[in-house]
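The values are calculated or read from the model by the stated rules, or taken from the named source; none is laboratory data. None of the values given here were measured: they were computed from a predicted structure. Glycine gets a Cβ as well: all are built from the backbone with ideal geometry, and neighbour counts include every protein chain shown.
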Amino acid sequence: MLLTSIIGIIGAVDTGSHQFIEHIREITAPVAPHVYENAVLFTASSSHSRVGISFAHEGYARVHWFRPLRLPRDATEFINARGRVIRGADQTVDSGIMFHLEPIPADLNNLDYRMVIDGLWLADPVNPITVSGPFGFVESRVPLPPKPQHQIPPEPGTFRFLLRAPRGESISVGGSFNNWDPFMYQLRETEPGIYTLTLPLPPGTFQYVFFSRGEWIPDPANERRRFSQDGRMVSEASLP
């Protein structure tokens, strides 16, 4: 069963994907913030009444409020002795954590922030990395991964596919250019967690997705999307 309250697109991360659901299900208590695809995942205990986060690069002008993570309950918990579903029963249970997923800004090496926990401004209690802010306040910091350097542009008539994913994965790409074959074109892990492949393609518009562990993955870094003929969300790109 899918987790509740997390389905959708946050930044460029598909929070309804199998990878994200499996990742966040493994978090049973608040953990230090960490990079997930093109975003940073922050967690906090749901024992707090309200938790928010504010970022230095936004001038601390905005508070992003954490969302509760609720897990599906065992179906037997809301079925009575006669085998009938108890109407109105809450089919989810508190996981113990709240979370916020923040897209990684393009021009930063560090993500500095403070948290608002039950009305108090604090450094992140589960992040050991702190710095002194410009006004003397203690701020938390998440060092961001270096941006991949691709100084040599693709040759004319080619398209470079790139995907951020956990290390050691098997990633392939398919699309309208190869009848959506998930095995024909395999990406190579050119940097830790960076998978790339350059293909010669004819001019014009084409659709594509990445494949990993049997799942279709639209390109998180490409905002151009459309539905395929069978109703799946795919990415779209063009070559001049």
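General remarks:
- Summed over region 90-109, the residues that are at pLDDT 90 or above and either surrounded by fewer than 18 Cβ atoms within 10 Å (Cβ to Cβ) or in a loop (DSSP other than H, G, I, E, B) (or both) give a count of 0.
- Meets criteria (surrounded by 12 or more Cβ atoms within 10 Å (Cβ to Cβ), assigned by TED's automatic domain parsing to the domain that holds GLY174 and among the aromatic types (Phe, Trp, Tyr)) for PHE210: yes
- In region 139-157, residue farthest from TYR36 (Cα to Cα) [restricted to those that are surrounded by fewer than 13 Cβ atoms within 10 Å (Cβ to Cβ) and modelled with pLDDT of 80 or more]: GLY157
- Candidates PHE206, PHE177 - the one that is among the aromatic types (Phe, Trp, Tyr) and either over 26 Å from the mean Cα position of the chain (by Cα) or at pLDDT below 85 (or both): PHE177
- Of all residues in region 191-204, one or more are within 28 Å of LEU101 (Cα to Cα), surrounded by 11 or more Cβ atoms within 10 Å (Cβ to Cβ), of a type in the set (Asp, Glu) and out of contact with any Ser or Thr (no Cβ under 7 Å at 6 or more places or on another chain).
- Set side by side, the residues SER17, SER49, SER45 differ, and just one is under 17 Å from ASN127 (Cβ atoms), of a type in the set (S, T, N, Q) and at pLDDT 60 or above, which is SER45.
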